[in-house]
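These notes are about the structure you will find just below.
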Amino acid sequence: GIQVEQSPPDLILQEGANSTLRCNFSDSVNNLQWFHQNPWGQLINLFYIPSGTKQNGRLSATTVATERYSLLYISSSQTTDSGVYFCAAPLSYQLTFGKGTKLSVIP
Amino acid sequence: DAGVIQSPRHEVTEMGQEVTLRCKPISGHDYLFWYRQTMMRGLELLIYFNNNVPIDDSGMPEDRFSAKMPNASFSTLKIQPSEPRDSAVYFCASSSGTMLYFGPGTRLTVT
């Protein structure tokens, strides 16, 4: 099946700092998604981004499908951004999740 | 829309007991997924349905696990008999073919 690798595994930021999270995938995809799991365990979808760039407030994502990677940018980080960020790529309609990047934003 | 609804939110049971987890997908979504999350294995897909039909159950750990979707608005995941290693958070998610929406999860503890 498809392999999904995320980096870095852990990230600690001072509030207000910017960060970039990376997701590499092993095969061509037509569906790449980013999720945020907050400290209470809730999984929230952030982006559906098979290619190109999308922005939502302080978050943006870029997927370069031909090079098999996606980036999630977080600008002016806030403590509420803490949690684990997952990317997921499909095999057919089954999403395979990476191990995630654990982000801690400290005030 | 209320989003994906799961019940119960927490379940504590003894080894050997039957456990039934329930899910109501978002109305209009024709894909339903059951995932399990543990510290050791992360998020694993157990089974998914399309138009109420099971498409791939290769992620179901063993015969003790079964899932049904009798109609477009309801699915169950059953574990019988339960074992301590089944302790995990079980997520249901639904989709119309693109973005995936997760329910709040059921935290299962088997003692």
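Some notes on this structure:
- For residues of B:30-43, the mean tally of beta carbons on other chains within 10 Å: 2
- Using a Förster distance of 30 Å, the FRET efficiency for B:Ser27-A:Gln55 (Cβ separation, nearest 0.05): 0.55
- Straight-distance crosslink candidates among aspartates and glutamates, where the alpha carbon sits under 20 Å from B:Lys68 and sequence neighbours closer than 8 are dropped: B:Glu11, B:Glu18, B:Asp30, B:Glu44, B:Asp56, B:Asp57, B:Asp86
- DSSP bridge pairs, the protein assembly as shown: antiparallel proportion in percent, nearest 5: 90
- Virtual spin-label span in nm between B:Met99 and A:Lys102, 7 Å along Cα→Cβ: 2.8
- Fewest neighbouring Cβ atoms within 10 Å first, the residues A:Thr96, B:Thr13 line up as B:Thr13, A:Thr96.
Computed from the coordinates by the stated procedures, all read-outs in this text should not be read as laboratory data. Note that this is a predicted model, so its numbers are computed, not measured. We place every Cβ from the backbone using ideal geometry, glycine too, and count neighbours over all the protein chains shown.
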